[in-house]
Every structure is written in structure tokens, then in C-alpha cells.
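Remarks on the structure that follows.
The values are calculated or read from the model by the stated rules, or taken from the named source; none is laboratory data. What you are looking at is a predicted structure, and each value in this text was computed from that prediction instead of being measured. Cβ atoms come from the backbone with ideal geometry, glycine included; neighbour counts cover every protein chain shown. Quick note on the areas: whole protein, heavy atoms, side chains included, nothing else; ligands and nucleic acids left out. Shrake-Rupley method; radii C 1.70, N 1.55, O 1.52, S 1.80 Å.
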Amino acid sequence: MTLESCTTIPKSRCNDRCPPGYRKASNGGHHVCCYDCVPCPEGEMSNVTDSDSCHRCPDEEWSDERKVRCIPKSYDFLSYEKDLIAKISSVTASSFSAITLYILGNFIYYWDTPIVKANNRAVSLILLVSILLSFLCVFLFLGRPVDGTCKLRQMSFGIFFSTAVSSVLGKTVTVCIAFKATKPGSPWRKWVTVKVSNYVVIVCSSVQAVICGIWLSVSPPYQEYDHHSYKGMIIIQCNEGSVIGFYSMLGYMGILATVSFFLAFMVRTLPDSFNEAKYISFSMLVFCSVWIAMIPAYMSTKGKYMVAVEIFAILTSCAGVLGCIFFPKLYILLLKPELNSRKSMMEKNKL
């Protein structure tokens, strides 16, 4: 036996050393030298051999596959470059905006014809412009959110949508007054010449503007970094600020749509040369159905998918209102011009 072998201290081990990415864990044995090697959990790392513990990565970082170092998390939002949903939404919004502009141009061109004059052409113009702006506000929901777009997206959406629904309500009120005024001695006759629908649009839109103004001044939406919803990813999103403000804005629109639907439903079968009530009732039915289905879907999703749900609701409900109210008129203007005359409408009314 050599002198060197006599002076070397033997190593007492039950197992191999734990490599980086693992930590030592007691296996319940009686010897300290006996332990298990446990891999570090996700979000933690160890970069030394036989580490007693794993170290948690900072909020902005995540552990790599081997759990030996922390790497920066990736950022996620509804991006034009990476997400097909964003591209489809932008193309859809652009297409519907072009269709709305086309209908608006035709209405201006046929401004003095009977079919356009029916049921208040000024309110129809306001409704078309509001629908167009609602389609365009979809672009505020796309791309990387910042404080400015977070404030603008919900405020513009709320005001434009409320103006559109208020216009529908104004048209519905016009139809109701017109039918009530046809009865002999009806007190509603004095309201026929008054621009009641204009007042309805102004008042109802102003209420929504006040709600949004209070929301913006008390607790406005802002940009937020969500570090915890998805592993290894930072979600850049808009925090709505005041939840009460957000749902007050949605709830007020729902009240307007519901009132419009019930009023239009009551007069949908009454005879007239061009009774818009049946088209309004269909449009509000589509509108209410979309947003009732949207709320649970919106609350059950996170990140960019929450934004995608809201974009889908905006596009679908606006398209429903546009199609139900204006496509029948556009059909007559372009394909059945013989029906767009006072004589034709009077004959239809006699029937």
C-alpha cells in the first residue's frame, strides 16, 4: 500500500452528483450522503452541481429547457405579423368599411328619392357614419397596445356603437309615432313634424359620452404586462381600469338595443309603404344575440384571445345592423328602381 492511498480520504456516496438543472432532495434515508436528484420546476433554475435548491427566475425571465439559466420571456399580443386572426380581422373590417362607404354613397346619390326619404334619411345618414366608424375602430384593437390606444379603443367603440344604436332607436320611435298619428284625433299628430328622432339620437349618445367621460376621468384603461397567465410569456394587454365603467358602457348599449327591439317588434306587422320596423327588429335581435353570447366568452378568455372575441362581436353586430336595415333599401335602389317611386309606394300602401 502506497503512502498516497493511505492519506486519501474515501468519499462516501450513495449516488452520483446532481447536475445543473437539478437540486438535492432527501430520500428519507438515514445517511446524509444519500439523496435524490429532483429536476427544477418550470420558472426556476440551478447552474451548479449538487445545488441544495433551485432559484426562481425574475418576472421578466423564464428557465430554459435544461433549467440551467434564465432567458427573457417572449412578448405576446394581437400582432399583424404573427397572428392570422389580426390579418383576417383587418381585412374583414376594411371590407365592411368599403361596403358601408358604398351604401353611403348610394344614399347620398339617391337622396331625394322616396325610398331614402322614408323613415328619416338624416338619421339613416348618422347611422351609416356610426357603423363606418365602428368598423374602423377595430384597428385600435390590433397591434401592440399602449396607454393611448387602450383609452381610445373602448371610448370610441362605446360612443360610436351607442350613436348607431341610438339612431336605430330614433328610427323605431319615428315608426311608432307615425302609426299612432294615423288614428283620428290622435294626440301624436303634433309630434310627427317634430324631429323627435334627432333628439333621441342626441340625448342617448350624450348619456354614453358622459359615462365614458366619467370612466376616463376616474379610472381610465391603461397598458398592462401580464406575467402569470401563460408560462414563459408576457402578455401585453389593456387593463380596463374601472370594471364598473366598462360594464356600465356595455350595459347602457344593451338597454338601448333591448328597447329598440321591443318597440320595433310591436309594430313590425303594421302596413306601410316601407315599414323599417321589421328590419330593425331583426337587426336588434342579431345585435343582442351577439353580445349576449360574447360576454361569457369574453370573461373566460385571456390575452389576445379576449381582444379577438371583442373584435368578432363588433364586426358581427355591426354587419348585422348594416345588412338587416340597409341591404333591402340598396336592393330596391340598384335592382328594382321601378319600386323607388311615389306612385309605386302609394299603390303598395293601398294593397
FRET efficiency, residue 327 to residue 136 (Cβ-Cβ, R0 25 Å, nearest 0.05) = 0.80
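Using a 1.4 Å probe on the protein chains only, how many percent of the accessible area of region 35-134 belongs to carbon and sulfur?
Values: 3120 of 5360 Å².
Carbon with sulfur: 58 percent of the solvent-accessible area.
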What FRET efficiency would be calculated for the residue pair residue 64, residue 217, taking the C-beta separation as r and a Förster radius of 56 Å, to the nearest 0.05?
-> 0.80
Can you tell me how much longer the chain between residue 112 and residue 207 gets when fully stretched, taken as 0.36 nm per residue apart minus their C-alpha distance, in nm with one decimal?
-> 31.0 nm
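For region 221-262, just run the numbers: alpha carbon Rg, then divide by 2.2 N^0.38 Å, N being how many residues it has. Present the calculation step by step, with values, prior to reporting the outcome.
Working: Rg = 15.8 Å, N = 42, 2.2 N^0.38 = 9.1 Å.
Relative to the rule-of-thumb radius for its length, region 221-262 sits at 1.74.
Counting heavy atoms of the protein chains only and a 1.4 Å probe, report the per residue accessible area for region 18-156 as a whole number of Å². Numbers along the way, then the final one.
Values: 7320 Å² over 139 residues.
I get 53 Å² per residue for this part.
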Run a plain Debye calculation on region 109-170 (Cα atoms as equal point scatterers, no solvent) and give log10 I(q)/I(0) at q = 0.18 Å⁻¹, rounded to two decimals, same order as the q list.
-> -0.67
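Can you tell me the length gained on complete extension of the stretch residue 42 to residue 255, counting 0.36 nm per residue apart and subtracting the Cα distance?
72.0 nm
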So residue 125 and residue 82, fully extended at 0.36 nm per residue minus their Cα-Cα distance, gain in nm 11.7 nm
Between residue 301 and residue 244, what is the FRET efficiency for a Förster distance of 22 Å, r being their Cβ-Cβ separation, to the nearest 0.05?
-> 0.60
Roll a 1.4 Å probe over the protein heavy atoms and report the accessible area of residue 255 in Å², nearest 10.
-> 100
Label points 7 Å out from Cα along the Cβ direction at residue 336 and residue 228: separation in nm?
-> 6.0
